[in-house]
Amino acid sequence: MLMLGVPVALFLLRDDLLPNHQFAAVRKLILVIAIVAAIGLALTLTVSKRWAARAKVLEDFVEALPNSQSALPDGGPEELQKLARSMRSMADRVNQVVERANLELARRETILACMAEGVLSVDRDLRVNFCNDAFAEAFGTRASGAEGRSLYEVVRETALREILERVVRNGRAEKDLLRLPSAAGRWFEARALPLGLAPKRGAVIALHDVTDIQHQEQMRKDFVADVSHELRTPLASIRGYAETLLDGGLEDEANNRKFVEVIFSHAVRLNNIASDLLVISELDNNASPQAPNEKVSILDVVQSAFNTCSKAAAERGIQLKHSIFDGCFVVGVRFRLEQVMVNLVDNAVKFNRPEGEVMVECVATGTNFLKITVADTGIGIPSEDLKRVFERFYRVDKSRSRPAGGTGLGLPIVKEVVERMGGMVTVESQLGRGTKFTVVLRAA
Ligand code: ADP
């Protein structure tokens, strides 16, 4: 303005700068300065408005990050163009970081949602800030409504509350085995970890359902206890009778043979238990069968079982019969199928009435299956015991089964073998009239 104003003023005042004209010159000078100042002000205003407009565009762009849709227009003063270029590259980087963070978040949420373990996190006031579906399902609640509510509203479980409170307070991870009544009494292995740092520290807990493992562990313990119990009875008898013989029973001619017979029968029983336990353990450990599947004739299997049981049947006048098995073949392991048939026929003889009958039949059922039935005319099984006869060591009438050499493992072995071959076994019975076991197997 000064560079423009000074020559203009000098040009206009050239006459007034002569001596005696100074007053007019001062007025004119003031006028010129006012005009120049007005023009300068107008120019400054225009320029600053343009800067402000560009700055507003930049400001809007930054405020809308990371969702800025509009592109930054080119043009304007060089300084602002430079700024716009740096903002554009900054926006690209911000978008990349946000995209990556969103992807990571989505991935974590999907992983947590798919996890079989229940996961729940709380803030320092024990307010739920995350809960996956598995956790909600275990407690019969909904994951979607849990966030923001207090832990106690979501799950009324003192054990969980205590463990989370401790982790929030102490900042130390904890692990525990809990039985949670509000999760239908299921067993959970709980692992709780601190989340963040004090004083804003929250906690996260993961619950792994170990009910089945606990159940199996309990079954294993029961099984060991049952086995010990089963072994104790014959061993005690053998020892007792042996002592009696040693204490003079050998000379007791009227009874010594009877004592030895009792010892023998208990030794047979021990032997039966040992072989059945071996089979059970082979089946449990998948150690057997080593033999490959083959096409097995049901007629051969039944005849072999009849041979094994014929002596016991004959002693009680029981007839062993079977129907005609034309084309009855299954795919399976022959010696296991023989074991199934021996166990069923042996029971049908053991629990039959004298002069009774055992009938084995085989018919096709559906297109691919064979139905093999073993029916007897014996004492039958009370209806309340029917569903338990396949349990290990379960016997309806111990006093009747034990003297007959029974172990309580025959039917569990039948069930295990048949199910491993993709079949199933069922039982129906009428007390005092007889029992019928039905085995369905895939036809060859
Ligand atoms: P056990 O060695 O005692 O025969 P099982 O597992 O073979 O053991 O059978 C379990 C129980 O089921 C038997 O003790 C018996 O009470 C009952 N049971 C099995 N088969 C028959 C049957 N055909 N008739 C009556 N009761 C039976």
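The values are calculated or read from the model by the stated rules, or taken from the named source; none is laboratory data. These numbers were taken from a predicted model, which means no experiment stands behind them. Glycine gets a Cβ as well: all are built from the backbone with ideal geometry, and neighbour counts include every protein chain shown. When the accessible area is computed, the model is the full protein with side chains, heavy atoms only, and any ligands, DNA or RNA have been set aside. Shrake-Rupley method; radii C 1.70, N 1.55, O 1.52, S 1.80 Å.
Considering only residues of the stretch 294-350 that are in a loop (DSSP other than H, G, I, E, B) and charged (D, E, K, R), which is nearest to the ligand (Cβ to nearest atom)?
Just the residues of the stretch 294-350 that are in a loop (DSSP other than H, G, I, E, B), to begin with: 316-318, 323-328, 333.
Of the ones still in play, those that are also charged (D, E, K, R) are 316, 326.
Values: ARG316: 14, ASP326: 26 Å.
Restricting to residues being in a loop (DSSP other than H, G, I, E, B) and charged (D, E, K, R), the top hit is ARG316.
Show me the strands (runs of 3 or more DSSP E) entirely contained within the stretch 113-198 in which 3 or more residues are of a type outside the set (A, V, I, L, M).
On the way: elements: 118-122, 128-131, 174-180, 186-195.
Because the criterion is at least 3 residues that are of a type outside the set (A, V, I, L, M), the strands (runs of 3 or more DSSP E) in the stretch 113-198 that meet it are 128-131, 174-180, 186-195.
Within the stretch 354-380, restricting attention to residues that are outside any strand (DSSP E or B) and more than 15 Å from the ligand (Cβ to nearest atom), which residue is modelled with the highest pLDDT?
Restricting attention to the stretch 354-380, the residues satisfying the condition of being outside any strand (DSSP E or B) are 354-356, 366-368, 377-380.
Of the ones still in play, those that are also more than 15 Å from the ligand (Cβ to nearest atom) are 355, 366-368.
On the way: GLU355: 96, GLY366: 82, THR367: 81, ASN368: 89.
My answer is GLU355.
Taking only pairs six or more apart or across chains, which ones have beta-carbon atoms under 6 Å, a first residue in the stretch 408-424 that is assigned by TED's automatic domain parsing to the domain that holds ALA364 and small (Gly, Ala, Ser), and a second residue that is within 15 Å of the ligand (Cβ to nearest atom) and not in a helix (DSSP H, G or I)?
Close Cβ pairs satisfying both conditions: GLY408/PHE393; GLY408/TYR394; GLY408/ARG395.
Only residues in the stretch 298-315 that are within 17 Å of LYS350 (Cβ to Cβ) count as the first member; pair them with residues that are of a type in the set (Val, Ile, Thr), Cβ under 6 angstrom, at least 6 apart or cross-chain, and list the lot.
Filtered contacts from the stretch 298-315: ALA305/VAL342; ALA305/VAL345; THR308/VAL342; CYS309/VAL345; CYS309/VAL349; ALA312/VAL349; ALA313/VAL349.
Looking at this structure, is GLU384 part of a loop (DSSP other than H, G, I, E, B), more than 8 Å from the ligand (Cβ to nearest atom) and surrounded by fewer than 18 Cβ atoms within 10 Å (Cβ to Cβ)? Before you say what the answer is, go through the steps one by one.
On the way: part of a loop (DSSP other than H, G, I, E, B): no; more than 8 Å from the ligand (Cβ to nearest atom): yes; surrounded by fewer than 18 Cβ atoms within 10 Å (Cβ to Cβ): yes.
Against the criterion (part of a loop (DSSP other than H, G, I, E, B), more than 8 Å from the ligand (Cβ to nearest atom) and surrounded by fewer than 18 Cβ atoms within 10 Å (Cβ to Cβ)), GLU384 does not qualify.
Restricting to the stretch 329-370, give me the number of residues that are at positive phi and of a type in the set (Asp, Glu).
1
For the structure I just gave you, tell me whether ALA143 is open to solvent by less than 60 Å² (accessible area, probe 1.4 Å), within 45 Å of the chain's Cα centre (by Cα) and not assigned by TED's automatic domain parsing to the domain that holds ARG191.
No; evaluated as a whole, the condition is false for this residue.
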